[in-house]
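The values are calculated or read from the model by the stated rules, or taken from the named source; none is laboratory data. Because the structure is a prediction, the values reported are computed rather than measured. So basically every Cβ, Gly included, is an ideal-geometry build from the backbone, and we count neighbours across all protein chains shown. What goes into the accessible areas is simple: the full protein's heavy atoms, side chains included, and nothing from ligands, DNA or RNA. Shrake-Rupley method; radii C 1.70, N 1.55, O 1.52, S 1.80 Å.
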Amino acid sequence: MIFSAKNKLIPIIVSVFGVNALLCSCSDDNLTSSNFPQIENSKETTHNIVGYVDRTRGYSMTEVVLREVDSTLSQTGVAYHGFVDDYSGHFSLENVKLTQPYVYLEVNGNFYSNCYDANETEPMTNWKVLEAYADVRKGDSISVNLLTHMQAKRLKHYVDRGLSFDSSMALLQKEISDLFLLDSLHEDFSKMNLSTLRDYNYYLLGVNVLNETYVWRSGGLDDLLKEDVLTDSLFSTYWSYAYYFNHNSSCDKFDDFVPGFGYKTDAYKVKEYLNNIWQKKYNLGNCSAENYHEIKATESNKTQFLYCDTLGWTLPRNGCYDLDMIVLNSSVGDTLPGHLTKGTYCTDDYYKWGRMYDGSVGWTKASAAESGVGFACTKETLNRYGKSGRKCYRCEYSYGYYLPDVDMSECDENLPKQEPLK
């Protein structure tokens with residue numbers, strides 16, 4: 001059930017500290033005195049903060065807390081509490097009195113899913129905190145979303161290195177935009193929301209979709225954000241989820257849930273954006289009849305492989321086994337009876353050539369016992385012995401060829417007299 005409530009602002013002002021004059025660095029965020037008023041020493045300014053919380057729709061009494069901070073991110077003790085007041089995620093904090101230009105917003109509450117039924121997404125719906133930092137000189141419209149959360153989680157990392165608040169925010173906006181290919185975005189993250197029509201809103205919804213799948217299947221985003229540098233390799237799982245999304249194997253409720261949330265964006269553009277992400281991050285090149293069944297590693301993760309198929313670059317559904325089958329069926333392996341061929345991609349596995357259960361002839365995976373003794377149990381190796389570890393095996397036939405373990409004394413007696421496998 002989705003609740004909607006009109007909530008009143010609850011201001012909590014603990015104390016207001018005197019501060020030194022803060023000067024805007026024009027080279028940091030292109031701020032000039034003509035853009036925004038200068039904040040004088042201890043001069044109090046009043047703001048009506050209005051914004052949206054964008055994680056998903058359906059907030060129920062979600063709390064929004066605004067705290068004043070200085071340029072080092074230290075809290076001054078000034079805080080205002082309010083609540084999301086409708087289904088769109090809208091909130092307002094009126095008569096906010098500040099002596100600093102910087103604020104930190106924290107949202108606490110449960111969030112509905114864009115992708116999955118609620119009972120399937122306990123880790124995602126319980127990710128209760130969403131954060132943002134902002135400069136009120138850029139306006140009193142401040143939204144909180146996944147992109148502001150990433151920026152907020154990494155801000156101290158930059159400020160502690162001696163960079164200014166403005167420089168850090170600008171660098172983080174570029175870092176995150178470059179990572180997620182937000183190519184045409186030229187507005188601060190804190191100005192983005194899915195309730196006001198903007199050309200670039202599909203970016204925000206697309207990143208939300210990737211992160212929901214990551215949180216549901218893999219873990220928390222915040223751990224990744226602690227790393228010194230956000231790289232394509234670090235976020236390679238995200239690019240895989242972009243691939244899965246465009247191949248209809250993740251975020252299965254997207255087409256059902258998203259239209260009902262009333263987002264001001266085009267769902268088709270979200271799909272185009274996510275398709276563009278995995279193709280650029282994987283950077284596999286052309287896939288056509290000329291390189292059919294070519295296998296290539298992705299650029300972002302050299303241990304992840306796709307193969308060229310009739311429908312384009314394809315992630316193997318059965319992992320390295322599918323890749324080994326492509327290799328074995330397109331090249332000459334050891335097809336002599338009883339012989340094994342080591343896997344190219346499943347490097348711990350072996351394969352054998354012979355008749356399969358359906359009567360056809362082809363490659364099948366050798367059993368663990370066959371891999372251990374170094375030969376396949378077939379008509380040609382019937383009654384052959386082999387050792388693997390501390391066990392002795394003999395090839396037998398009973399409704400099929402198989403390799404049971406027998407008493408070790410049989411190997412001790414028969415192995416010395418056994419001819420090498422030809």
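For region 325-336, a residue qualifies if it is part of a loop (DSSP other than H, G, I, E, B) and in contact with a strand residue (DSSP E or B) (Cβ under 6 Å, 6 or more places away or on another chain), and the qualifying residues are Gly333, Asp334, Thr335. Exactly one residue among Thr265, Thr213 is under 27 Å from Asn193 (Cβ atoms), of a type in the set (S, T, N, Q) and modelled with pLDDT under 90, and that residue is Thr213. So, of the residues in region 69-120 that are in contact with a helix residue (DSSP H, G or I) (Cβ under 8 Å, 6 or more places away or on another chain) and of a type in the set (Phe, Trp, Tyr), which turns out to be farthest from Ala152 (Cα to Cα)? Among them, the one singled out is Tyr116. Within region 234-268, the residues that satisfy the criterion of being of a type in the set (S, T, N, Q), assigned to a loop (DSSP other than H, G, I, E, B) and under 18 Å from Arg217 (Cα atoms) are Asn248, Ser249, Ser250.
Taken as a whole, the condition of being open to solvent by 30 Å² or more (accessible area, probe 1.4 Å), hydroxyl-bearing (Ser, Thr, Tyr) and in a loop (DSSP other than H, G, I, E, B) applies to Tyr357. Among the numbered conditions (1) open to solvent by 10 Å² or more (accessible area, probe 1.4 Å); (2) within 25 Å of Ser236 (Cβ to Cβ); (3) free of Cβ contacts under 8 Å to residues at least 40 places away in the same chain, the only one that Leu181 does not meet is (3).
Using the structure shown, decide if Tyr200 is of a type in the set (Ser, Thr, Tyr), within 15 Å of the chain's Cα centre (by Cα) and assigned by the TED database to the domain that holds Asn114. No: the conditions fail for Tyr200.
Condition test on Ser371, is it more than 28 Å from Ala297 (Cα to Cα), under 43 Å from the mean Cα position of the chain (by Cα) and hydroxyl-bearing (Ser, Thr, Tyr)? Here the answer is no, as Ser371 does not meet what is asked. One residue stands out among those in region 290-309 that are in contact with a strand residue (DSSP E or B) (Cβ under 6 Å, 6 or more places away or on another chain) and open to solvent by less than 40 Å² (accessible area, probe 1.4 Å): the one that is nearest to Ser240 (Cα to Cα), which is Leu306. Checked across region 127-139, the condition of being open to solvent by 20 Å² or more (accessible area, probe 1.4 Å) and over 25 Å from Asn110 (Cα atoms) holds for at least one residue. Scanning region 379-410 for residues that are in a helix (DSSP H, G or I), open to solvent by 40 Å² or more (accessible area, probe 1.4 Å) and either under 22 Å from Tyr357 (Cβ atoms) or among the small types (Gly, Ala, Ser) (or both) returns Lys379, Glu380, Ser409. Mind checking which residues of region 310-348 are in contact with a His (Cβ under 8 Å, 6 or more places away or on another chain) and open to solvent by 40 Å² or more (accessible area, probe 1.4 Å)? Matches in region 310-348: Ser330 only. Among the residues of region 133-165, those identified as part of a helix (DSSP H, G or I) and closer than 14 Å to Val103 by Cβ are Val136, Arg137, Lys138, Thr148, Gln151, Ala152, Leu155, Phe165.
Rundown of residues vs (1) surrounded by fewer than 18 Cβ atoms within 10 Å (Cβ to Cβ); (2) on the phi > 0 side of the Ramachandran plot; (3) touching a residue at least 40 places away in the same chain (Cβ under 8 Å), yes/no style:
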position: Asn193; (1), (2), (3): no, no, yes
position: Gly206; (1), (2), (3): no, no, yes
position: Ser218; (1), (2), (3): yes, no, no
position: Val229; (1), (2), (3): yes, no, no
position: Ser233; (1), (2), (3): yes, no, yes
position: Ser236; (1), (2), (3): no, no, yes
position: Tyr241; (1), (2), (3): no, no, no
position: Lys253; (1), (2), (3): yes, no, yes
position: Lys264; (1), (2), (3): yes, no, yes
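Taken over region 39-85, the criterion of being of a type in the set (Asp, Glu) and modelled with pLDDT of 85 or more is satisfied by Glu44, Glu63, Glu68, Asp70, Asp85.
Against the numbered list (1) touching a residue at least 24 places away in the same chain (Cβ under 8 Å); (2) of a type in the set (D, E, K, R); (3) within 16 Å of Ile295 (Cβ to Cβ), Lys365 comes up short only at (3).
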